[in-house]
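Derivation of every value follows stated rules applied to the coordinates shown; laboratory data play no part. Please read these numbers as outputs of a predicted model, since none were measured by experiment. Don't worry about glycine lacking a Cβ; one is built from the backbone with ideal geometry, like all the others, and counts go over all protein chains shown.
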2 protein chains.
Amino acid sequence: MFADAVAGSRLALGRLLTVVERGGPSADVVSDLAQPLTGRAHILGITGAPGAGKSTLVGELVARLVASGCRPAVLAVDPSSPLTGGAILGDRIRMDGAAGSSVDVAAGKAPASQLGHAFIRSMATRGHSGGLAVAVPLAVRLFDAAGYDPVIIETVGVGQVEVDVVGAADTAVVVATPGMGDAVQANKAGLLEVADVFVVNKADRPGASDVRRDLELMLDLGHITGQEAPDGYRPPIVMASALEGTGSGDVLDAVAAHLDYLESTGRRAQRRRHRVRAEVLARMEQAMVRRAVELADGAEGRELLNAAENGELSPTSVSAKLLEQLG
Amino acid sequence: MFADAVAGSRLALGRLLTVVERGGPSADVVSDLAQPLTGRAHILGITGAPGAGKSTLVGELVARLVASGCRPAVLAVDPSSPLTGGAILGDRIRMDGAAGSSVDVAAGKAPASQLGHAFIRSMATRGHSGGLAVAVPLAVRLFDAAGYDPVIIETVGVGQVEVDVVGAADTAVVVATPGMGDAVQANKAGLLEVADVFVVNKADRPGASDVRRDLELMLDLGHITGQEAPDGYRPPIVMASALEGTGSGDVLDAVAAHLDYLESTGRRAQRRRHRVRAEVLARMEQAMVRRAVELADGAEGRELLNAAENGELSPTSVSAKLLEQLG
């Protein structure tokens, strides 16, 4: 199946992505098979607040990339609800329709024929949010090994993990919109600071120039430094409007310029290193958290938790006692 | 200092909160001192998307609570930027002005005299977002021990940790607004599913009734079940408008009704148990992640990461090798 995926079978690739999404030993095998074939794709992260129009923008970018002969892949990350383990209405279904076969035409507002060489996949992460930090790198590796370039990771940009995933890309694009709440609010999750490229989306709406001005001001004041502050890279701000059909070409130009910058300064290797370290730490964390839960829910753990609930022990001493058992 | 805080010294309490915020052994000592004095306060979580008007609503609730003879405490959680370790502009400063002395008058639009018995504290969490899940319960315990009731935790509601912290309260209030993006988007972070009470804020704005209808529909369809689905508790939806000065009394009524429900069904103990377990797991996770980072950044870890970056080893095998060392 792996050979088929690498040879271009969309069906095989879709199945392997499901394996990777589920995690566990099979996912690790797929990841290790893919590893020697990776390192070619430009890894692009796109994030922004809910409702910023990310999916539409990504659809436009994909249409342009395909038209210029690229084979882009999109991994749309859908942070699951902690309770139901999935998005609740149509969003995931819409994106899943594209997995492994045709492509999400609605998102890009382009005819399917134009998007035939793209692969769009929605990924839900179940349970502990650490799952995301483990599964995304595996899926990206798989796309890279299968010859997709660029690989675009789209996240909702609410929460540390989602922002971290995008910040670890080669190029991180942060999408802002008029009416998203002020920029200060947006940066509470550190969203603005991972940006290599800003997009002010829905630029046809009132307030778009205010958003641009706020971002410029924050850049001027050094409140946003970008990830490459030391040698003076300043994230460009691109205005885009799906309504007016503008901006997506400019976004791709800015992204390409950033890649040139990374390569000419040797910073691309730094990004790769950062990404590998983050993945290794995420994997270790996931394994350790699993052991912590096992301990806490085991016989002795339950007894200790009862004591803490009754006020006989403090949570501090309960966790200390359980940690001792980890040796 | 602990005795002073319990006896009512705001100065002592403020200093202990700083100790708790910094974490480490001193924070644990404070927590253990507070432990026997806790269990009285109604723990209230309030969350919602950025710009939902949470701070204003909290200010109104605090003013009402004080006017009715309560001594509420507010812990406003400010998820730090991963890079600068702090909020970037005035927001934190505004809340910090209230800590330990007078109170954030602007937020509540009420004269300071009316708020004299409240304690409002902003908490920044640095570095790994796990810090939040550890520090918040300690601070809540301290407020509870010092006789504050209710203890209100306000979070931005972007990200799993922030949502989890609020979901672990006795009563979780989720604030929605017109124009926050549709409800489906909002639930991507599981925000809606932890709600015991919904508030549709800025109800004077166009679209407020649509938000209410969407929420009712999602409740009808079972897409939001609330945390107490089995015995049929249905989260009420309260309309509120700071502009028109309406809703904050209704919010307090709904919150009180939920507390009655918890107590009459024995579910309050369940919440407490859930909270203790979450705190213990968060503490264990924090300790274990620290060890993982030490390992990865140690001599052998750096060598393994180099090999992974060069493609000689896969991240899977690097993390497996490092985990072996943890025993």
Open item on the list: So the label point sits 7 Å from Cα along the Cα-to-Cβ vector; using that for A:GLY249, what distances do you get to the other copies, in nanometres, sorted shortest first?
Closed with: 6.1
- [ ] One decimal, nm, shortest first: give the distances between the label point of A:SER9 and those of the same position in the other copies, each label point 7 Å from Cα along Cα→Cβ.
- [x] 7.4
Task: Förster radius 35 Å - calculated FRET efficiency between B:ASP297 and A:LEU37 (Cβ-Cβ, nearest 0.05) - done: 0.75
TODO: Given the peptides B:2-8, B:267-273, arrange them by the average over their residues of other C-beta atoms within 10 Å, most packed first.
DONE: B:267-273, B:2-8
TODO: Compare the peptides A:200-210, A:139-149 by average per-residue count of other Cβ atoms within 10 angstrom and give them in order, highest first.
DONE: A:139-149, A:200-210
Open item on the list: Binning at 10 angstrom from zero up to the longest distance, how are the C-alpha pair distances of region A:283-325 distributed in percent?
Closed with: 30, 52, 17, 1
TODO: Partner chain Cβ atoms within 10 Å, averaged over the residues of B:271-279 - can you pull that number for me?
DONE: 5
TODO: Could you list B:ARG40, A:ARG275, A:ARG121, B:ARG10 in order of exposure, starting from the residue whose Cβ has the fewest other Cβ atoms within 10 Å?
DONE: B:ARG40, B:ARG10, A:ARG275, A:ARG121
TODO: For A:GLU216, go 7 angstrom from Cα along the Cα-to-Cβ vector, then report the distances to that same point in the other copies in nm, smallest first.
DONE: 4.7
- [ ] For a footprinting-style exposure proxy, rank B:SER68, A:SER314 by other Cβ within 10 Å, fewest first.
- [x] B:SER68, A:SER314
Task: Residues A:THR18, B:THR171, B:THR316, sorted so that the one with the fewest Cβ neighbours within 10 Å comes first - done: A:THR18, B:THR316, B:THR171
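Which whole number gives the average count of other chain Cβ atoms within 10 Å of the Cβ atoms across peptide B:48-55? If you can, show how the numbers build up before the last one.
Working: counts 0, 7, 13, 8, 2, 0, 0, 0.
Mean partner shielding for this stretch: 4.
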